[in-house]
Amino acid sequence: MLGERLQLRKRLGAFVLLAALVGAAGVLTTHLGGSVPSGARSVSATARIARAPGGHARPDRRAAVLPHPAAPLLVSVPAQTSPAWSTVASVHGQPAAWLTRRAGVTFMRFDQALVHLDLHAGSLDGGVSGWKYGDRITPREIHLIVAAFNGGFKLTYHDVGFTSAGHVAVPLRTGLASIVTYTDGTTNIGAWRAGVPSAHQRVFSVLQNQQLLVDHGAIAETTAGCILACWGGTVENRGSVPRSGLGITAGGQLVWAAGEHLLPAELGAALVSAGAVRAIELDINRDWVAGYLYVHRRGGPSPVPVVPGQHGIAGMLLEPYSRDFLTIVAN
């Protein structure tokens, strides 16, 4: 009996010693960086990070820093314009406008998913009252302005039309080339009542100017020999003068083109080369052809002329202007 008790005590002592050795090994493993089950380590590490002494939560300073959101609008103009398209405006980080110059023609192209067109009345062409978009870039546009350029012929000229937000300066005529902007902000170009407007969209504004310069991707036949009578009187009756136009691509992008020495056929060919399937001639002659990109700075937008040698518009459309014009504004 006594032998059995002594044997039991020896077994218990051995068990206690073995347990002590295992515990000591665990402590040493923890301090010396020995391996432990990955799940247990992550829980322990998380607990140490998430709790400060006293059990109060504290922020995890190792959390990833989120990138700043893209600026709503960024406009930049290259020092030199190349024959390749250069991105000149981004809206919320997405390319929205491009610039190029080829064979004496400057082009600006705009993505209507990111920008929209506004038609402005001039202080003389249309008058100063009754217009949502009047004779200068408006406060609602000023921080979102991407580009602006001349409108069409003087409103006293034949074969023109002008209306905006229900206010009519010159009644619209069937068949005239028309820049049609709808209330949803999209713009199309076509012959009035023969392609535009869409039956499924409400019209907001329309600028009409002569016949289509480009239709179905082809230049109007009258550009070959009917220059002054068909495409506008010029100073000193010259054929090659400053000209501008606006086209639309098959994908719905808008393309503005202008140059200081262009025949109607050359302007039309330039717009076709840029992908226009329909296009309208805008204003012509030295005093009325001008385009600008607006670089945004702390003090406000700074206009940058885009057509080499252009005479320009006084105030660059930030101040009152007598003629109608068009702006491109970020959505």
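No value in this document is a laboratory result; all are computed from the given coordinates. Please read these numbers as outputs of a predicted model, since none were measured by experiment. Glycine also receives a Cβ, built like all others from the backbone with ideal geometry; neighbour counts cover every protein chain displayed.
Remarks
- The label point for L124 and the one for R286, both projected 7 Å from the Cα toward the Cβ, are 1.7 nm apart.
- FRET efficiency for V235 and T183, using Cβ-Cβ distance with R0 set to 35 Å, rounded to 0.05: 0.35
- Label-to-label distance, nm, for residues given as A113 and Y157 (7 Å Cα→Cβ offset): 3.5 nm
- Cα extents of region 105-199 along the three principal axes, largest first (Å): 36, 32, 29
- Peptides 195-206, 87-98 ordered by average Cβ neighbours within 10 Å, highest first: 87-98, 195-206
- Percent RCO, i.e. relative contact order, over region 212-282, from Cα pairs under 8 Å lying at least 6 residues apart: 43 percent
- The alpha carbons of region 73-330 occupy a box of 48, 40, 35 Å along the principal axes, longest dimension given first.
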